[in-house]
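The next block holds one structure in the form of structure tokens; read it before the comments.
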Amino acid sequence: MIKRKTNKHSGIIEALHQAQKIAFSPFIFQACVAAKRLGVLAAMTEPASESDIEHKTGLSAYAVAVLVDALVASDICRRTENGALQLTKTGECLLFDEMTSVNLDFAADVCYGALESLEESLKTARPEGLKRFGSWSTIYPGLSKLPQRARRSWFAFDHYYSDRYFDSLAALIEKTLHPRVLLDIGGNTGKFALAMLKASETARVVLIDLPQQCSLAKENKALHPYADRFSCAPVNWLEQQAAPQIELKGDVIWMSQFLDCFSPEQAVSILLRAKALLAQKGRFAVLECLTDQQSYPAAQLSLAASSLYFTAIANGNSRFYRRAELMAIFDAAGLDIEFEKSNIGVSHTLFVCKPR
């Protein structure tokens, strides 16, 4: 019997195509950022000629041509039967989808240049790319000092993946745990603190964060009407044995996307110190994104890529955890999961934990 040879030609052609997407991904990324910010994508929401795009954007024929060639080759736009240019579904996502826009701006304004230092960061476990912005040991003390565009994109990214769910989660915390005092550890500019103050007519909220973040929260005018129930307590958890000075212990300690900002060892240390801030029968409420618990490939990719931001820029040694890793952190800190709610929004899981 004569064996038919398997034709692998089409396989290698596709593999080469995918490999070139990786090799030239920086070019395509920057072309997409430029096309969006210069109005080229918006000009193709309806079929348009290159001269139409020139007229709408004020760009030269050369500028439009080089961008269009890159966008067509990367399936951001396509040519119709009569030669006009129109966005594909991918192009529409880049232009209209909020998650994609937030990710694109964060990658362009905060991460792009700094990720050149990823290789060095992987060797040193330090955020080598952060040197582009300042001399801080982590990005968090420097957030208020980032260039305006980078600062705006950082906070938009951070808030997109957390504060859109804060109202419903604050209502859930009030309904199920009824905290008289809630400690918002890593509270940033006070988005969850505000949601909690609105959800409860009596709860006191103490925002616990770096001094710089506490200053930002105090400047948040939306919190001013709740001055009798809101306060801040500064602390740098990376200082050995550091703990905030608070008047009342917390019935609930809230942590939203906080533990992923630290290595496992640091996270355990913080949880152990935070336990001392809990009132009797107090609980931790921890909101995190788990890389291996995502329903959609886009969410999994976003989290995996964002972990490289932690490596090269934020702190050098943290990441969005896999489930088993977070469970090990809870266990080492002497916490047991009492309640778990997954599939919150885009990618979150809420854990309510009690001290063992």
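Some notes on this structure:
- Cα-derived Rg over Rh, computed across the range 9-96 with Rh taken as Kirkwood radius: 1.01
- Beta bridges from DSSP with both residues in the range 224-356: antiparallel share about 70 percent, rounded to the nearest 5.
- Label-point separation, SER10 to ALA242 (7 Å along Cα→Cβ), nm: 5.9 nm
- Close amide-amide hydrogen proximity is noted between LEU278 and GLY250, each under 5 Å apart and 5 or more residues distant or on a separate chain (H modeled in the peptide plane; Pro and chain starts excluded).
- Taken about its Cα centre, the range 300-356 carries a charge dipole of about 80 debye when Lys and Arg each add +1 at the Cβ and Asp and Glu each add -1 at the Cβ.
- With Cα atoms, 0 to 90° folded angle of helix 323-332 axis to the chain main axis: 20 degrees
- Within the chain, the cysteines lacking any other cysteine Cβ closer than 4.7 Å to their own Cβ are CYS32, CYS77, CYS93, CYS111, CYS261, CYS289, CYS353.
- Amide H contacts of CYS77: VAL72, THR88, each under 5 Å away and 5 or more positions distant or on a separate chain (H built 1.01 Å from N in the peptide plane; Pro and chain starts excluded).
- Environment charge of ASP167, counting only residues whose C-beta is closer than 13 Å and scoring Lys/Arg +1, Asp/Glu -1: +2
- Rounded FRET efficiency, nearest 0.05, which uses the C-beta distance separating LEU301 from ALA19 and R0 of 22 Å: 0.80
- LYS131/ARG322 FRET efficiency (R0 30 Å; Cβ-Cβ; nearest 0.05): 0.55
- Tilt relative to the chain, helix 166-177 - C-alpha long axis, 0 to 90 degrees, to 10: 30 degrees
- For the chain, the equivalent ellipsoid derived from the Cα gyration tensor has semi-axes of 43, 24, 20 Å, listed largest first.
- Greater than 25 Å apart at Cα, pairs in LYS175/LYS341; LYS36/LYS89; LYS198/LYS249; LYS145/LYS341: LYS145/LYS341
- Ordering of 196-209, 326-339 by burial proxy (mean other Cβ atoms within 10 Å per residue, highest first): 196-209, 326-339
- Förster radius 30 Å - calculated FRET efficiency between GLU265 and SER215 (Cβ-Cβ, nearest 0.05): 0.55
- Here, the range 237-313 is characterised by an Rg to Rh ratio of 1.05, where Rg is the alpha-carbon radius of gyration and Rh the Kirkwood radius.
- Counted residue by residue at 0.36 nm each, then reduced by the alpha carbon distance between them, the extension gain from ALA279 to PHE339 reaches 19.7 nm.
- Beta bridges assigned by DSSP with both partners in the chain are antiparallel in approximately 45 percent of cases.
- When the alpha carbon coordinates of the range 211-356 are projected onto the principal axes, the ranges are 45, 36, 30 Å, largest first.
- Computed on the range 57-110, the Cα convex hull volume stands at 105 Å³ per residue.
A short reminder: the numbers here are calculations on the coordinates, not readings from a lab. Everything numeric here is computed off the predicted structure, so don't read it as measured data. For neighbour counting, all protein chains shown are included, and Cβ atoms are generated from backbone atoms with ideal geometry for every residue, glycine included.
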